[in-house]
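Undergrad: I am attaching a structure below and will ask some questions about it afterwards.
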Amino acid sequence: MQLKLLLLLESLLMILPKRVRKSFFSFLGIIGYYISKKYRNIAYQNLNYAFDGKKNDKEIDKITRYAFKNLMYNFLHLMELRHMRKKELEKKITVQNIEAVQKVHNEGRAVIYVTTHYCSWELGGASLGAFVEPLAAVYKKLKNTEYENWLLEARSSFGNTNLEKKNVIKPLIRLIKKGKASGLLIDTNMRKNEGIIVEFMGKSIRQTSTPAYLARKFNAAIIPVTIRTDDEQNYTLMLFDEIPVQKTEDENADILKATQLQADWLTSIITKEPKFWFWLHRRWKSDNPEIYK
C-alpha cells in the first residue's frame, strides 16, 4: 500500500514542471526542520561537536535548515532519475578530473570509489555510473523492502548495481579481480567491533578499513568522489586523485595510514563547505554517545 501511494505521488509530481517539484520538496524540508525536533537537535549536536563550538547559533541553524532541505532534494533526485534519460542528466553534470580514473585503468587496475553523504549523493552515484564507469554500490539493507526496491531501482538507472553490506567482501573481491568498479560510503556510524580508529574532523572515530584492505591486497586504486553545486541545477562530479596505499611488512600500519588519508579528504571537503554534509546522522554515536544526550 505504501509503495502504491509513493508511485502515485511520483506520477503526479513528474507531471509538474521541475521548478514546481523543487519548490514542493523545499517546502517538505522546511516542514521537516520544524516538526522534527529530534533530528534538528542531532544536527546541532554534531555541528557543535565537530567544530568545537566555534560556529555561532545562527551559522549552525542555517546549516541545519539546509541539511533538511538537501535530504529532500536527494529524494527528489531519486524520483527524477527513474524517469530521466542520459542526455538530460548530461546537461546537469560536469565531470572533473576523470583523468585520475583513466590513469588507473591504463595501469590495468580496478577502482574502489570512496564517497560520502554530501550534497546530492544520489545524483552523484548515478552520474558516476553514466559518465565515468558503472559500479557496484554497497548499501545497508532497509527494513521496508518495498521502499528499498524503489530506491535500488532508481540507483540502477544508469548502469550501476547494488551490493547489500552484509557479507560483501567476497563479492567485492570478485569485482576487483575482474577489473570492475565498486563504491563504498565512509561516513556512516560504525559499531564498536567494526572499522579502525582514525581522526575525523579532529576527533577519534571508527571508519571502515575495507577500501584500504582491498586496495592493498588486490592492487586496486582508492579514488574519492563527491558532488557539489552552486545553484542546485548544475552539478560538478568531483573525482580526486588516487589515495596511495603502501604495501610494507606492517599490513595494519599500511591500512591505517590509507584509511586516515580518506578521513583527511572527508574532513577537508566538509570543513570547506559544511552545509552539504548530512548532519542529521549520528556519526559519533558509537564512539562518543554522550554528545547526543
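Bear in mind these aren't lab numbers, they're just calculated from the coordinates by the rules spelled out. Remember, predicted model here, so these are calculated numbers, not experimental data. So basically every Cβ, Gly included, is an ideal-geometry build from the backbone, and we count neighbours across all protein chains shown.
Undergrad: Out of the residues in segment 33-53 that are more than 21 Å from the chain's Cα centre (by Cα) and small (Gly, Ala, Ser), which is surrounded by the most Cβ atoms within 10 Å (Cβ to Cβ)?
TA: The residue in question is SER36.
Undergrad: Restricting the first residue to segment 144-160 and requiring it to be within 12 Å of LEU123 (Cα to Cα), which pairs with a second residue that is among the polar types (S, T, N, Q) and surrounded by 18 or more Cβ atoms within 10 Å (Cβ to Cβ) meet a Cβ separation below 9 Å and a spacing of at least six or different chains?
TA: That search, which allows pairs on different chains as well, returns PHE158/SER127.
Undergrad: Then there's this: Out of everything in segment 243-266 that is buried (at least 20 other Cβ atoms within 10 Å of the Cβ) and outside any helix (DSSP H, G or I), what residue ends up being farthest from the chain's Cα centre (by Cα)?
TA: Residue satisfying both the conditions and the ranking: VAL245.
Undergrad: Right, another one. Residue check, GLU90 against (1) touching a helix residue (DSSP H, G or I) at 6+ places or on another chain (Cβ under 9 Å); (2) surrounded by fewer than 19 Cβ atoms within 10 Å (Cβ to Cβ); (3) acidic (Asp, Glu); (4) under 30 Å from PHE218 (Cα atoms), all met but one. Which one?
TA: (4)
Undergrad: Need the failing condition index for LEU5 against (1) surrounded by fewer than 10 Cβ atoms within 10 Å (Cβ to Cβ); (2) in contact with a helix residue (DSSP H, G or I) (Cβ under 9 Å, 6 or more places away or on another chain), just the number.
TA: Against the list (1) surrounded by fewer than 10 Cβ atoms within 10 Å (Cβ to Cβ); (2) in contact with a helix residue (DSSP H, G or I) (Cβ under 9 Å, 6 or more places away or on another chain), LEU5 comes up short only on (2).
Undergrad: Related question: Can you name every residue in segment 77-104 that is part of a helix (DSSP H, G or I) and in contact (Cβ under 8 Å) with a residue 60 or more places away in the chain?
TA: From segment 77-104, those part of a helix (DSSP H, G or I) are 77-81, 86-92, 99-104; that's our starting set.
Answer for segment 77-104, where residues must be part of a helix (DSSP H, G or I) and in contact (Cβ under 8 Å) with a residue 60 or more places away in the chain: LEU78, MET79, GLU80, LEU81, LYS86, LEU89, LYS92, ALA100, VAL101, LYS103, VAL104.
Undergrad: Okay, moving on. Is at least one residue of segment 267-278 within 13 Å of THR115 (Cα to Cα), outside any loop (DSSP other than H, G, I, E, B) and among the basic types (Lys, Arg)?
TA: No, every residue in segment 267-278 fails to be within 13 Å of THR115 (Cα to Cα), outside any loop (DSSP other than H, G, I, E, B) and among the basic types (Lys, Arg).
Undergrad: Would you be able to tell me the number of residues in segment 157-184 that are assigned to a loop (DSSP other than H, G, I, E, B), of a type in the set (S, T, N, Q) and surrounded by fewer than 18 Cβ atoms within 10 Å (Cβ to Cβ)?
TA: 1
Undergrad: Name the residues in segment 234-249 that are under 25 Å from GLU90 (Cα atoms) and β-branched (Val, Ile, Thr), would you?
TA: Scanning segment 234-249 gives a single hit, THR236.
Undergrad: Does GLU194 satisfy the criteria of being within 30 Å of TYR49 (Cα to Cα), of a type in the set (D, E, K, R) and surrounded by 15 or more Cβ atoms within 10 Å (Cβ to Cβ)? Show your work before the answer.
TA: Numbers: within 30 Å of TYR49 (Cα to Cα): yes; of a type in the set (D, E, K, R): yes; surrounded by 15 or more Cβ atoms within 10 Å (Cβ to Cβ): no.
Considered against the rule, which asks whether it is within 30 Å of TYR49 (Cα to Cα), of a type in the set (D, E, K, R) and surrounded by 15 or more Cβ atoms within 10 Å (Cβ to Cβ), GLU194 comes out as no.
Undergrad: Next up: Say we look at segment 102-143 and pick out the residues that are over 16 Å from LEU184 (Cα atoms) and out of contact with any helix residue (DSSP H, G or I) (no Cβ under 9 Å at 6 or more places or on another chain); which of these is surrounded by the fewest Cβ atoms within 10 Å (Cβ to Cβ)?
TA: Ranking the candidates gives LYS143 first.
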